[in-house]
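What follows is calculated from the coordinates using simple rules that are stated; it is not laboratory data. Quick caveat: nothing in here was measured; it's all calculated off a predicted structure. Note that we place each Cβ from the backbone using ideal geometry, even for glycine, and neighbour counts take in every protein chain shown.
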Amino acid sequence: MVLKLNNFKYLSQNEDCQTERSRSLLLTSFIIFFLSFNFLAQEDDTKPPKVNNFKEDSSFIAFSKYRESVAKAQIISLKNGGALLVRLKTNANTINRLKAAGSMDLATQVERETRVNNKAIIRAYSNEFKFCAVYFFNSDCSDSVKHKSLSGIFVDSNLVVNSSIVCNAPFYLVAEQGTIYDSSLGLVSEAQASKASEKGTPAKEVFMIIKNRFFIQLNKPFPYYQQGYSVKKYADYVKKMNTTFSDFYNKNKTFVIPTEVKQYVY
């Protein structure tokens, strides 16, 4: 009877320890999410969107008229000599702020998880994306991508910048993890792209969003995002994206790009 009671006490203490560890892990995950949500919004000059009556924006004037033609032109340009540039978040601001606050263990954890996630993305694309050439760059090189200054910015499978990796594609799109928006932007010409500002409302987190080189979210009917969130299924998500791109291209590969939409394809 005493033995059973002692065993019961031991099990109770053990369960208490497991519960405490679970609570600790949950708290750590929450802190990482909270800090990332706040700090990542400030990384790469990204500002939180503001809600407004975006349908009155001038970018929607030609939207209904050219939307389908622009999407077809984008997929054709991507397939024929184009490239997909995958932006990898460094979470540098989050990590530096954690270190400055003295949270070294948490900073190390965020840094480690960021590396693991980015390597998983590279591995998935390298194995499953066949539609066009694909390259990878860190988020702190975003300005270079905007201005077509692509020398010495791409990383290899070990996340090391490798100057021998060169992209000479005349047209490229950007893919990145993040949030898709009920966009405030319709069609933005290349001349106006640097001044464009997203003010739509966030819809949902997805595995990958496709944007132009000014990081403006593309529009339907272009397959501009791929759902998913599980690291273990990254390869499956990329494979689906590759198939979706191929299907959309095959439906529209004979399309002749009109002169009037070329200002929206960059």
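Here are the numbers for this structure:
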read-out	value
Unmet criterion (only one of (1) over 25 Å from S144 (Cβ atoms); (2) assigned to a loop (DSSP other than H, G, I, E, B)) for A196	(1)
Selected residue [within 30 Å of Y264 (Cβ to Cβ), surrounded by 16 or more Cβ atoms within 10 Å (Cβ to Cβ) and under 17 Å from the mean Cα position of the chain (by Cα)] from F137, F131	F137
Residue check, V261 of a type outside the set (S, T, N, Q), part of a helix (DSSP H, G or I), surrounded by 15 or more Cβ atoms within 10 Å (Cβ to Cβ) and within 15 Å of the chain's Cα centre (by Cα)	no
The lone exception for N96 - which of (1) of a type outside the set (A, V, I, L, M, F, W, C); (2) closer than 20 Å to D143 by Cβ; (3) in contact (Cβ under 8 Å) with a residue 24 or more places away in the chain; (4) surrounded by fewer than 19 Cβ atoms within 10 Å (Cβ to Cβ) it fails	(3)
Filtered residue count, segment 121-159, keeping only those that are closer than 13 Å to K89 by Cβ, assigned to a helix (DSSP H, G or I) and not β-branched (V, I, T)	4
Odd one out for F248 among (1) surrounded by 17 or more Cβ atoms within 10 Å (Cβ to Cβ); (2) outside any loop (DSSP other than H, G, I, E, B); (3) in contact with a strand residue (DSSP E or B) (Cβ under 9 Å, 6 or more places away or on another chain); (4) not charged (D, E, K, R)	(3)
Single residue of segment 170-180 satisfying the filter (surrounded by 18 or more Cβ atoms within 10 Å (Cβ to Cβ) and more than 13 Å from the chain's Cα centre (by Cα)) that is nearest to F207 (Cα to Cα)	Y172
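Okay, residues lined up against (1) touching a strand residue (DSSP E or B) at 6+ places or on another chain (Cβ under 6 Å); (2) touching a residue at least 12 places away in the same chain (Cβ under 8 Å); (3) among the hydroxyl-bearing types (S, T, Y):
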| site | (1), (2), (3) |
| --- | --- |
| L150 | no, yes, no |
| L159 | no, yes, no |
| A169 | yes, yes, no |
| Y172 | yes, yes, yes |
| G178 | yes, yes, no |
| V188 | no, yes, no |
